[in-house]
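Scroll down for the structure; my scribbles are underneath it.
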Amino acid sequence: MLVSFNWLREFVPFEGEAQELGDRLTMLGLELESIDDPFESVKDLVVGYVVECVKHPEAEKLSVCTVDVGDEVVEIVCGAPNVAKGQKVPVAKVGTVMPDGMKIKKAKLRGVKSFGMICSERELGFSEDHEGIWVLPEDLTVGDKLVDALNLERTVLDFDITPNRADALSMLGFARETALAFDLPLTMPKFNLVEAGGNASDDISIIIDDSELCPLYQARVIREVQTRKSPDWMRFKLLSVGQRPISNVVDVTNYIMFELGQPLHAFDLDRIEKATIRVAPAQDGMKFTTLDDMERTLTARDLLIWDGVKPVALAGVMGGLNSEMTATSSNVLLESAVFRPGTVRKTARRLSLPSEASYRFERGVDQVMNTFALNRAAQLMAETSGGKVTSGIAKNEPTPWQDRNHIYRHDRCMKLLGLDLEPEFAKKVFVLEGCTVDDSNKDEWKVSSPSHRLDLEREVDLYEEVGRVHGLDRIPAVLPRVSKSLEGGCVTAETEYGFVRSLKRWGMGAGLNEAINYSFVGDDDLDRLNLPEEGRVPIANPLSEDQNVMRMDITPGLLNTLKNNLAQGNGHIRIFEVAKKFVADTASDTETAEHLRLGMLLYGPRHAADWPWPQEDADYLDIKGHVEHLLEDHLKLDEPDCVLVKDHPYLEPCINVMIGDELVGVMGQVRPDIADFYHARKSVWMADMDAAKLWNMVRSHKISFKELPKFPPSRRDITVIGPSSLPAGAVRDAIAEIKVPLLESIHLVAEYAPEDNSEERNLSFRLTYRHAKKTLKDKEVEKQHRRVVDELLKKLPVRI
């Protein structure tokens with residue numbers, strides 16, 4: 001938000017320096033970015049006086065002017081058709097650098113020397129007018145700097161405004177904060193609105209289909225207007241805050257928006273059919289051409305302003321080409337409304353159509369100030385255009401503003417802030433901010449927040465106001481008391497952020513390094529992994545062709561990380577990433593669905609060091625071990641089932657990881673032809689887990705406690721000799737189905753495949769037996785173990 005220092009002083013009598021103001025407002029939460037001179041580019045121009053003007057002897061369209069620039073009289077060749085003797089004009093002397101970067105030098109034009117340049121408004125960036133030179137007012141002093149002679153603003157403060165402070169998007173908003181910070185009086189703009197009779201309600205009727213989308217819509221009618229250039233004082237103010245002047249009608253709406261924070265729109269009343277304004281949603285697929293002459297495709301979630309026949313504006317975003325004011329327009333319908341912020345925000349984002357108006361509407365505008373802004377705009381429009389304001393306001397307010405009442409407990413505020421301030425300080429803060437305070441009950445005040453402070457929604461927001469006005473930087477630093485919860489060892493699943501943090505802690509604890517990759521990849525990356533074109537989300541303005549779509553799978557980023565590490569000589573790679581993938585979804589407000597994923601990648605030796613560890617490469621058991629450790633040990637979920645699947649786009653073999661009937665992820669080996677592209681010369685093992693689904697499972701946990709076993713276990717090993725095609729899981733499930741009462745757990749401890757017989761392999765399991773109430777005897781264990789062996793021989797084609 002750009003704040004003109006002089007414009008601000010029209011509201012509040014601040015006499016300090018700009019830096020002092022910026023520093024104090026920064027401490028109030030309005031961060032100062034910079035202090036700039038908006039007219040720095042024309043600071044060296046001077047006011048000149050055309051003493052003599054004659055035709056160029058060798059060029060019919062050129063004039064030779066003798067110009068007094070104060071300290072000297074120079075000769076300048078000028079090509080403007082309107083230059084004449086006796087004019088005061090802006091002059092760029094030799095050595096001056098123009099706004100476009102051109103440096104003025106001595107020149108010879110058709111044999112006549114020229115020592116400077118007489119400038120037009122467009123050449124100086126003041127307007128698009130280039131029909132001739134800029135003729136200045138006669139009362140200016142020759143030789144003065146142009147910026148001083150025109151009293152141009154030389155100090156503009158650029159503030160960074162947080163999204164909750166919609167009230168700070170105007171000069172009035174900053175004047176309120178300045179008055180609060182320095183205990184100064186606030187002066188509202190004064191105006192005398194003269195009405196010419198008639199009744200605006202007879203000229204236009206207003207219909208609102210949904211009061212939630214538009215709680216207020218009102219309009220005034222100004223007739224017999226003349227569209228022309230705005231007065232200099234208005235144009236210069238708009239230029240100082242970065243707004244390009246257009247015409248008096250449009251400039252007034254922009255002026256009020258920057259002054260009071262209320263966006264307005266001017267319709268050509270004669271192009272509004274059936275004297276009706278209707279606020280209603282668009283229809284899916286309909287086309288609408290906005291003021292920038294671009295045809296937009298709308299959805300039923302977009303809000304439109306209609307006349308009696310057609311749409312004439314995108315509510316809160318941009319007007320329509322079919323109702324814009326033109327040079328021949330004579331009657332104006334001036335709109336002032338309140339729209340639901342979320343609706344405006346979604347439309348502006350989806351259509352990539354940001355504007356100063358939508359920036360304010362999507363944060364919220366002051367419904368109570370709405371009428372004041374409309375009346376002031378009507379008065380200014382009448383003054384600058386010679387128009388006449390029709391009496392009355394055409395208005396529809398289905399949802400009138402309701403004051404928001406809060407309680408305020410001063411003792412609780414002080415405990416929360418760690419301060420010891422007098423209650424009178426808090427009351428003064430609230431009153432200066434425009435709140436109404438009833439402190440008849442000293443323990444529990446009743447505070448009504450003003451309509452312009454939409455961010456004051458709860459009692460704790462009042463605490464924040466007390467703290468920021470006192471100075472958050474002045475609150476003493478005191479270490480808080482920390483108590484450890486019994487749930488400290490459990491996974492935090494209250495929020496997605498907490499769950500993601502727990503996944504990252506697990507990854508680091510498991511010996512994996514976290515990778516953070518861009519959310520965008522290239523079509524080639526997705527094609528290489530055989531991922532479908534359907535569902536891809538293209539980027540409108542990609543950084544490069546290698547990053548032209550949003551990732552629809554977490555794998556491309558991990559594989560590129562693998563490639564970069566191999567290029568740097570790192571052959572032992574253990575990485576993970578918690579991130580979102582993006583898939584096109586027309587049902588979503590953003591037309592894109594986001595899915596939280598956890599990816600893992602293993603490559604190279606199982607151990608980083610050579611000695612004393614065996615030099616074996618990571619394999620399926622390593623990636624499976626990480627997945628099982630995550631699900632069972634960290635997240636405390638049920639033991640997963642591993643199901644072999646075929647035809648995965650980039651994993652071969654590919655294993656579906658199931659918990660009950662839910663697919664929670666996949667794991668397997670990246671296909672060798674794909675891995676080869678990423679310079680992998682060994683097997684690459686991947687796991688891609690659905691983190692969002694795991695989060696939902698963890699949130700449904702019910703924590704329970706059970707007594708630890710008191711008596712020792714008794715263990716027996718059993719080696720099963722069977723076909724190589726027999727999964728170890730099938731043997732374990734068969735043992736579990738026997739339902740031996742004393743059997744506590746079954747674990748695979750070894751696997752051996754004889755070199756001379758590839759059709760069979762040996763699987764060794766460790767069975768743990770335990771009794772809850774006594775120590776087991778060997779004969780009891782042997783009896784149960786013999787039953788397991790006998791039943792296993794009956795169930796499976798194996799030998800023991």
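The values are calculated or read from the model by the stated rules, or taken from the named source; none is laboratory data. Just so you know, these numbers come straight off a predicted model, no measurement behind them. Every residue, glycine as well, gets a Cβ built from its backbone with ideal geometry; the counts of neighbours run over all protein chains shown.
Please work out which one of (1) over 50 Å from the mean Cα position of the chain (by Cα); (2) outside any loop (DSSP other than H, G, I, E, B); (3) not hydroxyl-bearing (Ser, Thr, Tyr) is the condition GLY86 fails and give its number.
(2)
For region 48-74, name all the residues that are touching a residue at least 40 places away in the same chain (Cβ under 8 Å) and either outside the structural domain of ARG122 (by TED's automatic domain parsing) or over 20 Å from LEU136 (Cβ atoms) (or both).
HIS56, PRO57, GLU58, ALA59, LEU62, VAL64
In this structure, is GLU639 assigned by TED's automatic domain parsing to the domain that holds LEU526 and not in a helix (DSSP H, G or I)? Give the steps one after another, and end with the answer.
Details: assigned by TED's automatic domain parsing to the domain that holds LEU526: yes; not in a helix (DSSP H, G or I): yes.
Judged against the criteria, GLU639 is a match.
For region 17-41, enumerate the residues that are touching a strand residue (DSSP E or B) at 6+ places or on another chain (Cβ under 8 Å) and of a type in the set (A, V, I, L, M, F, W, C).
ALA18, LEU21, LEU25, LEU30, LEU32, ILE35
Six or more apart or on different chains, Cβ under 9 Å: which pairs go from a residue in region 538-565 that's among the basic types (Lys, Arg) to one that's assigned to a strand (DSSP E or B)? Could you list them?
Sorted first by the residue in region 538-565, then by its partner, the pairs are ARG551/PHE520; ARG551/VAL521; ARG551/ALA579; ARG551/LYS580; ARG551/LYS581; ARG551/PHE582.
Could you list, in sequence order, all residues of region 114-135 that are closer than 23 Å to ASP68 by Cα and of a type in the set (S, T, N, Q)?
Within region 114-135, SER114, SER120 qualify.
Give all pairs with beta carbons closer than 6 Å in which a residue from region 100-111 that is aliphatic (A, V, I, L, M) meets a residue that is outside any strand (DSSP E or B) and surrounded by 10 or more Cβ atoms within 10 Å (Cβ to Cβ); count only pairs at least 6 apart in sequence or on separate chains.
Qualifying pairs under 6 Å: ILE104/VAL94; ILE104/THR96.
Among the candidates LEU421, LEU380, single out the residue that is free of Cβ contacts under 8 Å to residues at least 60 places away in the same chain and either outside the structural domain of ALA166 (by TED's automatic domain parsing) or under 27 Å from SER448 (Cα atoms) (or both). Lay out the reasoning, then the answer.
Numbers: LEU380 fails: free of Cβ contacts under 8 Å to residues at least 60 places away in the same chain.
Among LEU421, LEU380, only LEU421 is free of Cβ contacts under 8 Å to residues at least 60 places away in the same chain and either outside the structural domain of ALA166 (by TED's automatic domain parsing) or under 27 Å from SER448 (Cα atoms) (or both).
Which numbered condition in (1) part of a strand (DSSP E or B); (2) of a type in the set (D, E, K, R); (3) more than 26 Å from PRO99 (Cα to Cα) is the only one that GLU20 fails?
Exception for GLU20: condition (1).
Which one of the conditions (1) surrounded by 14 or more Cβ atoms within 10 Å (Cβ to Cβ); (2) in contact with a strand residue (DSSP E or B) (Cβ under 6 Å, 6 or more places away or on another chain); (3) on the phi > 0 side of the Ramachandran plot does GLY316 fail to meet, given that it meets all the rest?
(2)
Quick check on my filter: what residues within region 642-675 are within 17 Å of ALA730 (Cα to Cα) and either charged (D, E, K, R) or part of a loop (DSSP other than H, G, I, E, B) (or both)?
GLY660
If you go through region 708-759, how many residues are modelled with pLDDT under 90, crowded, with 16+ Cβ neighbours inside 10 Å and farther than 19 Å from ASP790 by Cα?
The number of residues fulfilling the criteria is 0.
PHE765 passes all but one of (1) surrounded by 12 or more Cβ atoms within 10 Å (Cβ to Cβ); (2) assigned to a helix (DSSP H, G or I); (3) not small (Gly, Ala, Ser); which number fails?
Among (1) surrounded by 12 or more Cβ atoms within 10 Å (Cβ to Cβ); (2) assigned to a helix (DSSP H, G or I); (3) not small (Gly, Ala, Ser), PHE765 violates only (2).
How many of the residues in region 513-551 are modelled with pLDDT under 90 and in a loop (DSSP other than H, G, I, E, B)?
5
Go through region 470-502 and give me each residue that's within 30 Å of the chain's Cα centre (by Cα) and either part of a loop (DSSP other than H, G, I, E, B) or modelled with pLDDT of 95 or more (or both).
Across region 470-502, the qualifying residues are GLY471, VAL491, THR492, ALA493, GLU494, THR495.
Show me the helices (runs of 4 or more DSSP H) entirely contained within region 336-439 in which 1 or more residues are of a type in the set (Gly, Ala, Ser).
Per the criteria, 341-350, 356-361, 370-385, 423-432.
I'd like to check something: does region 691-704 contain any residue that is aliphatic (A, V, I, L, M) and at pLDDT below 90? Spell out how you get there, then give the answer.
Here is the first cut: in region 691-704, the ones aliphatic (A, V, I, L, M) are 691-692, 694, 697-698, 703.
Pick out the ones that are also at pLDDT below 90 and you get 703.
Within region 691-704, one or more residues are aliphatic (A, V, I, L, M) and at pLDDT below 90.
Residues SER329, SER352: which one is of a type in the set (Gly, Ala, Ser), modelled with pLDDT under 95 and at positive phi? Walk me through it before giving the result.
Working: SER329 fails: at positive phi.
So the residue among SER329, SER352 that is of a type in the set (Gly, Ala, Ser), modelled with pLDDT under 95 and at positive phi is SER352.
When you go through (1) closer than 30 Å to GLU15 by Cα; (2) in a helix (DSSP H, G or I) one by one for THR162, which number turns out not to apply?
Every condition holds for THR162 apart from (2).
Among the residues of region 296-312, how many are in a strand (DSSP E or B) and of a type outside the set (Phe, Trp, Tyr)? Before you say what the answer is, go through the steps one by one.
Pass one, region 296-312, residues in a strand (DSSP E or B): 296-297, 303-306, 311-312.
Next cut, of a type outside the set (Phe, Trp, Tyr) only: 296-297, 303-305, 311-312.
Qualifying residue count for the region: 7.
So for region 129-147 (the condition being in a helix (DSSP H, G or I) and either of a type outside the set (S, T, N, Q) or touching a helix residue (DSSP H, G or I) at 6+ places or on another chain (Cβ under 9 Å) (or both)), does at least one residue qualify?
The answer is yes, given that some residue of region 129-147 is in a helix (DSSP H, G or I) and either of a type outside the set (S, T, N, Q) or touching a helix residue (DSSP H, G or I) at 6+ places or on another chain (Cβ under 9 Å) (or both).
For region 87-106, which residues satisfy the criterion of being over 15 Å from THR66 (Cα atoms), surrounded by 14 or more Cβ atoms within 10 Å (Cβ to Cβ) and either in contact with a Leu (Cβ under 6 Å, 6 or more places away or on another chain) or of a type outside the set (Val, Ile, Thr) (or both)?
Residues satisfying the conditions are MET98, PRO99.
Restrict the check to region 139-153 and report whether at least one residue is farther than 30 Å from VAL73 by Cβ and buried (at least 16 other Cβ atoms within 10 Å of the Cβ).
Yes: one or more hits.
If you scan region 210-248, which residues turn out to be among the hydrophobic types (A, V, I, L, M, F, W, C), crowded, with 17+ Cβ neighbours inside 10 Å and outside any strand (DSSP E or B)?
LEU213, CYS214, VAL225, MET234, PHE236, LEU238, LEU239, VAL241, ILE246
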